[in-house]
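The values are calculated or read from the model by the stated rules, or taken from the named source; none is laboratory data. Remember, it's a predicted structure, so these values are computed and weren't measured experimentally. Surface accessibility is based on the protein's heavy atoms, side chains included, excluding ligands, DNA and RNA. Shrake-Rupley method; radii C 1.70, N 1.55, O 1.52, S 1.80 Å.
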Amino acid sequence: MSSEVRERLEAARKAAEAEVERSKAKHDELAEKIAALGDDSPDRKSELRRRKATLTGAREALKDAEAALELFERTGKEHAIVAKGARVVGSIAVHVPPGSSHEARGRAIDDELTGPLIDVATELGVVLAAAPSRYTRERPGRDAEGRTVLDVFGRVEGDTLVPAVSSASRNLRT
């Protein structure tokens, strides 16, 4: 099973690398075309910004794929939470029944995440600053078993572990 997981994670990383290369080539091609024609109209600039955003998204997907592979190699598990310096990174998979209320969803996430997150916080010598569900960001879609997959991010501030899932915290995840 672990070789299947490794192969799947490696395939996801390779697909993300290919998407970065494809997006970069399209962006560079458009930039060269605009420079050669001297066409800096608002439409062209807007198209260039869209291509740049696509490239940025592809790079983020590649970082996520590389992080998932590194996490697997480090723990031997597809979903785990680990401390990296003054940061906490990882993922969990939670079965959330269809039609669950917001409160039931939050309880399911908290139930699944509390133990591992407290273990990592104890390892770092800190306490949690928020409910465990506040440290998560949901991935789109479901895994092969129909579970909701959530990325977990936190950072140490003083003697507390605070959530780091906002867009402003994106740079802390690398």
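In Å, the Kirkwood hydrodynamic radius of segment 1-75 over pairs of distinct alpha carbons? List each step's numbers first, then the result.
Working: mean 1/r = 0.0720 Å⁻¹.
Taking the inverse mean of 1/r over all distinct Cα pairs, segment 1-75 comes out at 13.9 Å.
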- [ ] Can you tell me how much longer the chain between Asp119 and Thr75 gets when fully stretched, taken as 0.36 nm per residue apart minus their C-alpha distance, in nm with one decimal?
- [x] 14.4 nm
Open item on the list: Counting pairwise Cα distances across the chain, what percent come out greater than 18 angstrom?
Closed with: 67
TODO: Specify the residue with the greatest mean-square fluctuation among Arg137, Arg155, Arg74, computed from a Gaussian network of the chain linking alpha-carbon atoms under 10 Å apart.
DONE: Arg74
TODO: For the chain, find the longest principal axis of its Cα atoms and tell me its angle to the long axis of helix 2-37, 0 to 90°, nearest 10.
DONE: 30
Task: Accessible-area composition of segment 1-75, carbon plus sulfur, in percent [1.4 Å probe] - done: 52
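Where only protein heavy atoms count, and the probe is 1.4 Å, what is the accessible area per residue for the chain in Å²? Working shown, then result.
On the way: 10380 Å² over 174 residues.
Accessible surface, normalised per residue, equals 60 Å².
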Task: Between helix 42-75 and the chain: long-axis angle, C-alpha atoms, 0 to 90°, nearest 10 - done: 30
